[in-house]
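Every read-out reported here was derived from the displayed coordinates using simple, explicitly stated rules and does not represent laboratory data. Since this is a predicted model, take the numbers as computed values, not measurements. Cβ placement follows ideal geometry from the backbone for every residue including glycine, while neighbour counts extend to all protein chains displayed.
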Amino acid sequence: MSLLPDIAPPPTAPPEYPNGLPPSADAQARLLILIHAFSETAASKGIEGRMKLAKLDFLLRYPDHFNRLMAERRPDADPGDDPWLTGAIEQSMIRYRYGPWDPAYYALLGALTGKGLIEPKHENAVATYRTTPAGRTVAQTLAESESWRPVRDRARLLRRHFNLSGTTLKDMIYRAFPDIVEADWGTQL
């Protein structure tokens, strides 16, 4: 049983999703936990911008890349456990205009917004994503489970050590992983 509440879709034609499938509950949970890690304190704004969200999610989904950047940025810090014990990534990201991207973000963010779990705010043409009270409750419940605790821990490490602008994160990723820069647009990473 999923902890994410179900909301009946409107009686229209089914939306077109990037891979033909609606956003998975696991992908929604991963993004919710990530957004919540950046929304935990009253002073935090959440995640500012889709570019920043995508780069943080890239580091969350690709632990080898996270470990490499963490070793460069904070060599004394413990990177914690790999949140993906199987080593499998649910869906690969693609190389897009500003680096790693997942075409499912629009559907995922829409699903989380529609369920009342995140609240997007738009200021100066930048979307900021923050958990709602309901989203906090679901994220905290998920994060306490054995299977999602390493994801929460990794998301908190991202907040602590990589809470930078989307452009700064993009530049770090481009510098550290030239194969991403050299990949053609649309190439799976």
- Could you point to the residue in Thr168, Thr141, Tyr129 farthest towards the positive end of segment 114-189's charge dipole, with +1 and -1 charges on the Cβ of Lys/Arg and Asp/Glu respectively? Thr141
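How big is the shadow of the Cα convex hull of segment 43-189, averaged over all directions, in nm²? Present the calculation step by step, with values, prior to reporting the outcome.
On the way: hull surface 36.5 nm².
Directional mean of the projected Cα hull area for segment 43-189 stands at 9.1 nm².
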- Task: Report, ordered by chain and residue number, the aspartates and glutamates lying within cross-link reach of Lys170, taken as a straight Cα distance under 15 Å and ignoring same-chain residues fewer than 8 apart.
- Result: Glu48, Asp57, Asp102, Asp179, Glu182
- In segment 53-143, the GluC sites (Glu not before Pro) that fall in loop regions by DSSP, at most 13 other Cβ within 10 Å: Glu90
- In whole percent, the Cα-Cα distances of segment 123-174 spread across 10 Å bins from 0 upward as 21, 38, 33, 8
